[in-house]
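To start, the structure under review is shown below, and the notes come after it.
The values are calculated or read from the model by the stated rules, or taken from the named source; none is laboratory data. Only a predicted model underlies this, so the values are computations on that prediction, with no experimental measurement involved. Using ideal geometry, Cβ is built from the backbone for each residue, glycine included, and neighbour counts are taken over all protein chains shown. These area figures cover heavy atoms from the full protein model, side chains too; ligands, DNA and RNA do not enter into them. Shrake-Rupley method; radii C 1.70, N 1.55, O 1.52, S 1.80 Å.
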Amino acid sequence: MHPPSRQDYVSISLTGQGSGSYNNSKHWRRQSCWRKWKQLSRLQRSLILFLLILLFICGISSYPTVTEHLKGLTDGEQDTDSNSVLKPVIPHVLPEPVKQGHPALPEQLSQRKLSNKRGPPILQNRLPKKENASSTVPEDKPAGGKREGEEEGVISWRGAVIDTEHATEGTKDQEKEDLPADPEAKSSKDSEASWLEEVREAFRHAWKGYKDFAWGHDELRPISKSYSEWFGLGLTLIDALDTMWILGLKEEFEEAKAWVTAELTFNKNVDVNLFESTIRILGGLLSTYHLTGDTLFLDKAKDIGSRLMPAFNTPSKIPYSDVNIGKGTAHPPRWTSDSTVAEVTSIQLEFRELSRLTQDPQYEAAVAEVMNQVHKLDGKLDGLVPMFINTNNGQFTHQGIYTLGARADSYYEYLLKQWIQGGKKEDQLLEDYLQAIEGVKKNLLQKSSPNGLTFVGELSHGQFSPKMDHLVCFLPGTLALGAHNGLPADHMDLARQLMETCYQMYVQMETGLSPEIVHFNMHQGSTRDIEVKLADRHNLLRPETAESLFYLYRFTKDHKYRDWGWKILKNFDKYTKVSSGGYTSINNVRDPDYPSPRDKMESFFLGETLKYLYLLFSDDPNLISLDQYVFNTEAHPLPIWPSTA
């Protein structure tokens, strides 16, 4: 009997895998990995878990170092020399247009690290200070995070715009800032050339704004990139004609001349202010004629001069303030029949010169009558005049108030300058001037506490006020001019003292720019000499201090006056320069973080301020020689008449 047979194979059936075919799904692989993990010994599993935990802890601890390193690399790409002591100073320029609304937060400076030694501190993302109620407000930003019209390569900062395009130009700007206090420590020729070019560059920048946004109009509004009209006569352009010629900006001058030739007309139904039109337009055209010899400007001067004459058709021969140059009519302001004394007595240089050139005596006769009447009037105090005069009866009004500031200032200036213009022959003018200066010394001159700054205050019905307008800073230059022409030597001593005071009105402000009005402390124990009321903190780019610095340097050659002027110019650049072109007046000289631009560039910034700074920095005594020319109150040089003796 045979035993049972064996089978040589084993048949295995797999179930639970669907159709029985090979399945490579992730679920199946996870089950497979789990079986492998379970197959490991407990020691092996513990070791793997320990290594994973250790790697995780190391990763967490090293993360801040890695990210800081990566951030440093990113910053390094944008500013490779942020820690270098040779990093150039980046000038502050004011922002693009502002709109009404809530202040926008300034840009954060993640792209650039600024040195704490110069320029602004590390930028902070905070609202601007609101120390002045009339501050302008930064515009709201569009979604892209950039102000409308803002140029590439600028970073905004608390109402300023830092121009990064100039940050790679090496140490040029810092070298300018680091010029020694005494220019003689450097090559005088190099220093002079550099400073003169800085003024030219400032003029070009201001002119660019005017040309781009206000061409042919009266004044530039640089923040809003627009213009404002006063008379509609291209005021800034005419005011700047002789400045361009003196600065050697021939291309810009030819552009302006072409406009005068083709576009300037005075046959317009428009009211103009007699004083402002005389000193800016008539004075500017006469000066440009003398400098260039081009009769185009003389013809235009004759035209405007004749159209201003109806202002003198008054019962008293004291001119009205306003003239319609198209209709040939004139009238006082709507609210009064008075004119200001400064206005009616500061048109003489221009009309006298117009008579000399045209051989028509009517112009000189009209303004001489005004001076003769003021000379004889009652109501003066030791040669000091009240601020108003009535056009009907020719008498002083609002008597008892005496100032060398607004509404009276240029009366004193023109007493001296008419005497110089006429060849020092008109003794009445000289007598009135000398008496007035003695009146200033007796009634208006005081010293501040604690540092004893000499200043010129005001008198109101016997009460002294330690208030001094920036306008009064014409006086040091006028005193120096008188001393140069043979007047008492103590006039120059007083000029030096007042020049120091006017400079302190700049350096004691946080922006290094003077306010419109200051009050001096006179009480013992005062901690600072100068106080500024909130409403007086604006700066209008005025020229009076630059004017006096020019005279003081021209006559003394004391280099400190040039150094002072240089610092003032750099602060104009720092706080009033607008990146798209032009300079703006500001509301608050006490707040360097947010000086609050007013969106206006006065014509006298080009006509006077930059001209006087250029002449200050020039060592050429024949560049508008003060023995051959006398400046009108708008800085337009007119010739001293040749002697006929």
Would you confirm whether any residue within region 236-254 is closer than 25 Å to P310 by Cα, open to solvent by 10 Å² or more (accessible area, probe 1.4 Å) and in contact (Cβ under 8 Å) with a residue 12 or more places away in the chain?
no
Can you tell me which residue is nearest to M387 (Cα to Cα) among those in region 424-483 that are surrounded by 21 or more Cβ atoms within 10 Å (Cβ to Cβ) and in contact with a Ser or Thr (Cβ under 7 Å, 6 or more places away or on another chain)?
G457
Quick one: how many residues across region 409-454 are small (G, A, S) and out of contact with any strand residue (DSSP E or B) (no Cβ under 9 Å at 6 or more places or on another chain)?
4
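Residue by residue through region 632-645, note down the ones that are in contact with a strand residue (DSSP E or B) (Cβ under 7 Å, 6 or more places away or on another chain), of a type in the set (A, V, I, L, M, F, W, C) and either under 18 Å from F203 (Cβ atoms) or surrounded by fewer than 20 Cβ atoms within 10 Å (Cβ to Cβ) (or both). Explain how you work it out, then say what you get.
The initial filter retains those residues of region 632-645 that are in contact with a strand residue (DSSP E or B) (Cβ under 7 Å, 6 or more places away or on another chain), namely 632, 637-640.
From the residues that got through so far, the ones that are of a type in the set (A, V, I, L, M, F, W, C) too are 638, 640.
I640, the sole residue that qualifies.
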Only residues in region 569-590 that are farther than 17 Å from D536 by Cα and charged (D, E, K, R) count as the first member; pair them with residues that are modelled with pLDDT of 95 or more and open to solvent by less than 10 Å² (accessible area, probe 1.4 Å), Cβ under 7 angstrom, at least 6 apart or cross-chain, and list the lot.
D573/A202; K577/Y583
Any idea which of (1) over 30 Å from K417 (Cα atoms); (2) surrounded by 24 or more Cβ atoms within 10 Å (Cβ to Cβ) is the one K611 doesn't satisfy?
(1)
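Identify all residues within region 485-534 that are of a type in the set (K, R) and either modelled with pLDDT under 95 or part of a loop (DSSP other than H, G, I, E, B) (or both); write none if there are none.
Narrowing region 485-534 to residues of a type in the set (K, R): 496, 528, 533.
R528, K533 - these are the residues of region 485-534 that are of a type in the set (K, R) and either modelled with pLDDT under 95 or part of a loop (DSSP other than H, G, I, E, B) (or both).
G209: at positive phi and either surrounded by fewer than 24 Cβ atoms within 10 Å (Cβ to Cβ) or not in a loop (DSSP other than H, G, I, E, B) (or both), yes or no?
On the way: at positive phi: no; either surrounded by fewer than 24 Cβ atoms within 10 Å (Cβ to Cβ) or not in a loop (DSSP other than H, G, I, E, B) (or both): yes.
Considered against the rule, which asks whether it is at positive phi and either surrounded by fewer than 24 Cβ atoms within 10 Å (Cβ to Cβ) or not in a loop (DSSP other than H, G, I, E, B) (or both), G209 comes out as no.
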Would you mind finding the one in D619, D627 that is open to solvent by 10 Å² or more (accessible area, probe 1.4 Å) and within 20 Å of W564 (Cβ to Cβ)?
D619
In region 342-397, which residues are among the β-branched types (V, I, T) and without any contact (Cβ under 8 Å) to a residue 60 or more places away in the chain?
T358, V367, V370, V374, V385, T397
Restricting attention to region 587-607, the residues that are open to solvent by less than 10 Å² (accessible area, probe 1.4 Å) and not in a loop (DSSP other than H, G, I, E, B) number exactly 6
Find the residue count for region 301-316, including only residues that are in contact (Cβ under 8 Å) with a residue 24 or more places away in the chain, part of a helix (DSSP H, G or I) and either among the hydroxyl-bearing types (S, T, Y) or open to solvent by less than 40 Å² (accessible area, probe 1.4 Å) (or both).
7
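So if I check each of T261, T278, T265, T288, which one is assigned to a helix (DSSP H, G or I), open to solvent by 40 Å² or more (accessible area, probe 1.4 Å) and among the polar types (S, T, N, Q)? Break it down into steps so the answer makes sense when it comes.
On the way: T278 fails: open to solvent by 40 Å² or more (accessible area, probe 1.4 Å); T265 fails: assigned to a helix (DSSP H, G or I); T288 fails: open to solvent by 40 Å² or more (accessible area, probe 1.4 Å).
One residue alone meets the criteria, T261.
Would you confirm whether any residue within region 562-579 is touching a strand residue (DSSP E or B) at 6+ places or on another chain (Cβ under 7 Å) and part of a loop (DSSP other than H, G, I, E, B)?
Restricting attention to region 562-579, the residues satisfying the condition of being touching a strand residue (DSSP E or B) at 6+ places or on another chain (Cβ under 7 Å) are 572, 574-579.
Narrowing further to those that are part of a loop (DSSP other than H, G, I, E, B): 579.
Checking region 562-579: at least one residue is touching a strand residue (DSSP E or B) at 6+ places or on another chain (Cβ under 7 Å) and part of a loop (DSSP other than H, G, I, E, B).
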Just one of (1) crowded, with 20+ Cβ neighbours inside 10 Å; (2) over 18 Å from L415 (Cα atoms); (3) among the aliphatic types (A, V, I, L, M) trips up L357, so point out which.
(1)
Is at least one residue of region 317-336 in contact with a His (Cβ under 7 Å, 6 or more places away or on another chain) and either on the phi < 0 side of the Ramachandran plot or buried (at least 17 other Cβ atoms within 10 Å of the Cβ) (or both)?
yes
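In region 569-586, what count of residues is obtained for those that are open to solvent by less than 10 Å² (accessible area, probe 1.4 Å) and either within 10 Å of the chain's Cα centre (by Cα) or polar (S, T, N, Q) (or both)?
Taking region 569-586 and keeping what is open to solvent by less than 10 Å² (accessible area, probe 1.4 Å), we get 569, 572, 576, 578, 580-586.
Still in the list and also either within 10 Å of the chain's Cα centre (by Cα) or polar (S, T, N, Q) (or both): 569, 572, 576, 578, 580, 582-586.
Final tally of qualifying residues: 10.
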